[in-house]
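Remarks on the structure that follows.
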Amino acid sequence: MSQSSQVVRVILLVSCAHALVHLLEQSVASVEQVISADFQLTIEQSGFMGFALRLPYGIGAFFAGLLADRFGEKRILVLYLLGSAVVAASFMVTSTSSVLYAQMFSMGAFASMYHPAGLALLANQTTPAERSRALGLHGVFGSLGIASAPFLAGFMLSLRPGDWRGYYLLLSIISGSLGFLVWGLLKPVRHDDKATLGMAKSADASSEPASQARPSMPFQIWPYVLLVIGTALSGVVYGGVLHFLPRYLKEAGAMGWLETFVGHSISEAALGNYAAALALVCGAFGQWTAGRLAKPAKLPMMLSLVYAANVPFLLWMTFAEGGQRLLAACLWAFIHFMNQPLYNSLLPEFLPSRRRSVGFGFSNMMGFGVGAVGPPLVAQFDERFADYTYSYSALAVLALIAALLPLPLLFAGFAKREHQGD
């Protein structure tokens, strides 16, 4: 097999694992209304159910990064996939809300293993000029995974109203199957202080010629800290919006036209999920667009603009009603998800290649760990004021603060970049 074919196979397998981790992460939001009805949970309790999943999903990423640096990315990816399959299957015997919270916590812990391993694997095989497009494709798979969660849930709830356990059984089968594929087909990548230009390293690969290699960048703490704080704030926005997105869209009847189109009634939970899926598909287009437009020298400014562009759409979502809610959510998703290929392309420039797993791990710990407060934050406002005006306005303020943080990276005296040209 040629080196380019090996790279394509690695990118596709890792991207599929990325799609699945976001499907698992978003799964609870897709069926939280049905679960809440089954266990008689309040909106506030539902918010803490999202917190139970997202907190270990964030915190565990740091420890997963340490393990990936020690044992290799492939082993960590397989552990994430097979562990998630076991937890998803265990929902078939959930009997109490306490058990449910423990299962959500366990799923978040296994899912946390993906990002430090998968992102480091891809970052170590691409140059700064290539990285944005590779991560843009990787991000498209992630956004499609997020969108597939409410779509699959909506489809299953249309066939079997209230059967959220069957939904998780399906996710278990998908996760287990992909785990065995990754184990059999993904070639291990050997770490080196010199990253190969556009090719994967197999475990028995020899050293590359000097003309094809570049030196590892040193760790730059302050650029790294600013980026991590920005992704933590963006993570609160992400978690807060996504956990209640099907409920937010269902309440406005944003997909009522679908019943007219198909000619029969559809459960409200399913309609909310179909609307959320449509909005989140727009996020995939945002990922692809950012990956295509990104220029290495302009990454800090582009990331800042994307964070800032969240603000008007979050404010629109606070006041939108009916079909406007769906339109506002679609445009927010398109803009919001543009940050991921930009951020994931920029962050490795301040990390040595040998420590990119743990560097991405700590970043994801902050992004998803701090982001875990998003669902209970929105739930608190919604429980008290019965609308999204205050909660989404607060999220808009956080997005605006995040937009200021990448700007110091534009100055050469503050940050040394791998790629200073266009």
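Figures for the structure shown
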quantity: Which listed residue, of 226, 171, 181, is modelled with pLDDT of 85 or more, open to solvent by 40 Å² or more (accessible area, probe 1.4 Å) and within 26 Å of the chain's Cα centre (by Cα); calculated: 181
quantity: Unmet criterion (only one of (1) under 19 Å from the mean Cα position of the chain (by Cα); (2) more than 20 Å from residue 345 (Cα to Cα); (3) open to solvent by 20 Å² or more (accessible area, probe 1.4 Å)) for residue 50; calculated: (3)
quantity: Single unsatisfied condition, residue 28 versus (1) modelled with pLDDT of 85 or more; (2) aliphatic (A, V, I, L, M); (3) farther than 26 Å from residue 376 by Cα; (4) surrounded by 20 or more Cβ atoms within 10 Å (Cβ to Cβ); calculated: (3)
quantity: Residue within region 266-273 that is open to solvent by less than 30 Å² (accessible area, probe 1.4 Å), modelled with pLDDT of 90 or more and either assigned to a helix (DSSP H, G or I) or among the aromatic types (Phe, Trp, Tyr) (or both) present; calculated: no
quantity: Which listed residue is surrounded by fewer than 22 Cβ atoms within 10 Å (Cβ to Cβ) and either farther than 22 Å from residue 82 by Cβ or among the aliphatic types (A, V, I, L, M) (or both), from 135, 152; calculated: 152
quantity: Of all residues in region 316-350 being within 21 Å of the chain's Cα centre (by Cα) and not in a helix (DSSP H, G or I), the one that is nearest to residue 276 (Cα to Cα); calculated: 337
quantity: Of the criteria (1) in contact with a Cys (Cβ under 9 Å, 6 or more places away or on another chain); (2) closer than 30 Å to residue 71 by Cα, which one residue 340 fails; calculated: (1)
quantity: Condition check for residue 132: assigned to a helix (DSSP H, G or I), among the hydroxyl-bearing types (Ser, Thr, Tyr), over 13 Å from residue 21 (Cβ atoms) and touching a Ser or Thr at 6+ places or on another chain (Cβ under 6 Å); calculated: yes
quantity: Pairs, first in contact (Cβ under 8 Å) with a residue 60 or more places away in the chain and on the phi > 0 side of the Ramachandran plot in region 62-85, second open to solvent by 10 Å² or more (accessible area, probe 1.4 Å) and not in a helix (DSSP H, G or I), C-beta under 7 Å, six or more apart; calculated: 72/188
quantity: Residue within region 356-368 that is over 19 Å from the mean Cα position of the chain (by Cα) and either open to solvent by 20 Å² or more (accessible area, probe 1.4 Å) or within 17 Å of residue 238 (Cβ to Cβ) (or both) present; calculated: no
quantity: Unmet criterion (only one of (1) open to solvent by 20 Å² or more (accessible area, probe 1.4 Å); (2) in contact (Cβ under 8 Å) with a residue 60 or more places away in the chain; (3) touching a Phe, Trp or Tyr at 6+ places or on another chain (Cβ under 8 Å); (4) of a type outside the set (Ser, Thr, Tyr)) for residue 377; calculated: (3)
quantity: Residue satisfying all of: in region 32-44; at pLDDT below 90 and in a helix (DSSP H, G or I); surrounded by the fewest Cβ atoms within 10 Å (Cβ to Cβ) among these; calculated: 44
quantity: Residue that is nearest to the chain's Cα centre (by Cα) [pool: residues in region 56-82 that are under 20 Å from residue 182 (Cα atoms) and of a type in the set (Phe, Trp, Tyr)]; calculated: 80
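Here's the yes/no breakdown for (1) crowded, with 23+ Cβ neighbours inside 10 Å; (2) part of a helix (DSSP H, G or I):
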| residue | (1), (2) |
| --- | --- |
| 69 | no, yes |
| 78 | no, yes |
| 86 | no, yes |
| 92 | no, yes |
| 95 | no, no |
| 101 | no, yes |
| 122 | yes, yes |
| 147 | yes, yes |
| 158 | no, yes |
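The values are calculated or read from the model by the stated rules, or taken from the named source; none is laboratory data. Since we're looking at a predicted model, the values are computed, not measured. Cβ atoms come from the backbone with ideal geometry, glycine included; neighbour counts cover every protein chain shown. Surface areas here come from the heavy atoms of the whole protein model, side chains and all, with no ligands, DNA or RNA. Shrake-Rupley method; radii C 1.70, N 1.55, O 1.52, S 1.80 Å.
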